[in-house]
Ligand SMILES: Nc1ncnc2c1ncn2[C@@H]1O[C@H](COP(=O)(O)OP(=O)(O)OP(=O)(O)O)[C@@H](O)[C@H]1O
Ligand SMILES: [Mg+2]
């Protein structure tokens, strides 16, 4: 279970409260649509849930986030990643290695997953997303949609309990949207919690809960 308790946030004292005393509970299997126009704070909320705010980007944050009754502010980012993993809105910010295979191996290697299990995890995710042909490609040579699938794959190899997907469908063809939608449903059926941020109605069809971002800030 993931609990957000009385979260309030502003980037600095001269900017408005983007999130105003917001509380929310997510249970195993929940798919939560995080909806709102550009600038309403979807990315900000996801960054708060995985502690990138305040551990990397600063701001005035109050309230607490508990994952399975553990206060995540007490954990380091490497400790949080296997619990709560973020798919960034812009995949170029999340690709660091020359090849897809190296990219996908990095996180489980850091978690000391045995080498033979890493190979199994990589092959499994590439098979499920139907992108086995990308395994030995250079990451810089990938299309935008392929980069999204690879960054999604890289967090799936961590097998986190909570997925934070920031606009996973933006800029993708219907074929890739279907692939990612099916993967979200599979992960939900496996008891994972999945937040999906976006502007469009397609995420509502997937979700059983919705957070309307515009309603969380002080203009309302
Ligand atoms: N580091 C920062 N410092 C100050 N303000 C910021 C910072 N990052 C974002 N903001 C502001 O916070 C607001 C919310 O931004 P955020 O990126 O969370 O919105 P979003 O809903 O994800 O938008 P989009 O749909 O365009 O991705 C915007 O007004 C933005 O300018
Ligand atoms: Mg955003």
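The values are calculated or read from the model by the stated rules, or taken from the named source; none is laboratory data. Everything numeric in this text was worked out from a predicted model, so none of it was measured. Every residue, glycine as well, gets a Cβ built from its backbone with ideal geometry; the counts of neighbours run over all protein chains shown.
The number of residues in the stretch 46-78 that are under 17 Å from the mean Cα position of the chain (by Cα) and either closer than 21 Å to residue 25 by Cα or within 16 Å of ligand 1 (Cβ to nearest atom) (or both) comes to 16.
Of all residues in the stretch 153-210, exactly one satisfies the criterion of being farther than 25 Å from residue 80 by Cα, assigned to a helix (DSSP H, G or I) and within 15 Å of the chain's Cα centre (by Cα), namely 203. Only one entry of 49, 72 meets the criterion of being more than 26 Å from residue 199 (Cα to Cα) and either surrounded by 13 or more Cβ atoms within 10 Å (Cβ to Cβ) or within 16 Å of ligand 2 (Cβ to nearest atom) (or both), and that entry is 72. When residue 12 is tested against (1) in contact with a helix residue (DSSP H, G or I) (Cβ under 7 Å, 6 or more places away or on another chain); (2) farther than 21 Å from residue 207 by Cα; (3) modelled with pLDDT under 95; (4) surrounded by fewer than 17 Cβ atoms within 10 Å (Cβ to Cβ), only condition (1) is not met.
If a residue must be more than 16 Å from ligand 1 (Cβ to nearest atom) and either at pLDDT below 95 or touching a helix residue (DSSP H, G or I) at 6+ places or on another chain (Cβ under 7 Å) (or both), how many such residues does the stretch 161-181 contain? Result for the stretch 161-181: 10. Residue under question is residue 36, and the condition is that it be within 16 Å of ligand 2 (Cβ to nearest atom), at positive phi and in contact with a strand residue (DSSP E or B) (Cβ under 8 Å, 6 or more places away or on another chain); does it hold? Answer is yes for this residue.
Once the stretch 108-130 is narrowed to residues that are closer than 17 Å to residue 183 by Cβ and in contact with a helix residue (DSSP H, G or I) (Cβ under 8 Å, 6 or more places away or on another chain), the residue that is farthest from ligand 1 (Cβ to nearest atom) is 123.
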